[in-house]
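Working notes for the structure below.
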Amino acid sequence: MTGGAPPLLRVGQGFDAHRFGGDRPLVIGGVVIPGQPGLEGHSDADVVAHALADAILGGFGGGDLGSLFPASDPAWAGADSIDLLSQVVERAATAGWRTVNADCTVICERPQLAPHMAGMARRLSEAVDAPVAVAPKRAEGLGALGRVEGIACLAAVLLWQPSGAWR
């Protein structure tokens with residue numbers, strides 16, 4: 001970048017998807033959804049926490065979740081993804097960035113997520129220390145998500161650098 005003031009705001013986007021089949025509870029946005037099959041994954045397979053973490057990492061140029069917490073490392077087996085998200089937020093803060101807000105769209109046919117939205121928004125907001133909106137959307141029977149083979153999430157985040165110094 002040449003000339004002008006350095007950017008103070010950045011946008012990050014993230015995506016994650018996991019298939020059903022994990023022998024564990026279903027965790028979405030840090031909330032356990034009772035009576036539902038879990039998702040496959042190395043950690044707890046929380047698609048919302050993963051997508052949000054990748055959005056933050058992408059926004060400040062911090063890499064990606066799989067590089068920081070690789071599935072090849074047994075230390076992350078069964079890890080709580082809210083803890084991983086908190087570590088990502090700490091990395092962003094160390095680089096001078098803070099989350100302004102985030103928006104997450106969870107795509108699945110089942111389970112019914114509406115009763116859990118407030119809890120997800122609360123857990124995620126606490127982890128990133130900023131407002132996080134979470135909205136469920138259906139795939140309307142289309143593709144793997146429409147056939148109830150898994151769950152996906154899209155996340156967008158706005159980051160702010162209080163110091164205004166380019167890093």
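The values are calculated or read from the model by the stated rules, or taken from the named source; none is laboratory data. If you're wondering where the values come from, they're calculated on a predicted model, not measured in any experiment. Here the Cβ positions follow ideal geometry from the backbone for every residue, glycine too, while neighbour counts run over all protein chains shown. Quick note on the areas: whole protein, heavy atoms, side chains included, nothing else; ligands and nucleic acids left out. Shrake-Rupley method; radii C 1.70, N 1.55, O 1.52, S 1.80 Å.
In this simple spin-label model, placing a label point 7 Å from the Cα along the Cα-to-Cβ direction at both residue 98 and residue 77 gives a separation of 4.0 nm. Over the chain, accessible surface divided per residue gives 49 Å², non-protein components excluded, 1.4 Å probe. DSSP bridge analysis restricted to the range 24-167 gives an antiparallel fraction near 65%, rounded to the nearest 5. When you count the other C-beta atoms within 10 angstrom of each residue and take the mean per peptide, 118-126, 27-35, 63-71, 45-53 line up highest first as 45-53, 27-35, 118-126, 63-71. If you sort 97, 160, 76 by accessible surface, 1.4 Å probe, largest first, the order is 160, 76, 97.
Tell me the carbon and sulfur percent of the accessible area for the range 1-103, rounded to whole percent, probe radius 1.4 Å. Walk me through the numbers before you get to the answer.
Working: 2580 of 4910 Å².
Of all accessible area on the range 1-103, carbon and sulfur atoms account for 53 percent.
Note on Kirkwood radius over Cα pairs in Å: of the candidates (i) 16.1; (ii) 15.5; (iii) 17.2, the value calculated from this structure sits at (i). Per-residue ellipticity at 222 nm computed for the chain from its helices equals -8500 deg cm²/dmol, with DSSP H segments shorter than 4 residues left out and the rest contributing -39,500 (n - 2.57). Placing unit charges on the Cβ atoms of the charged side chains and taking the dipole of the range 78-143 about its Cα centre, the candidate lying farthest along the positive direction among 143, 102, 132 is 143.
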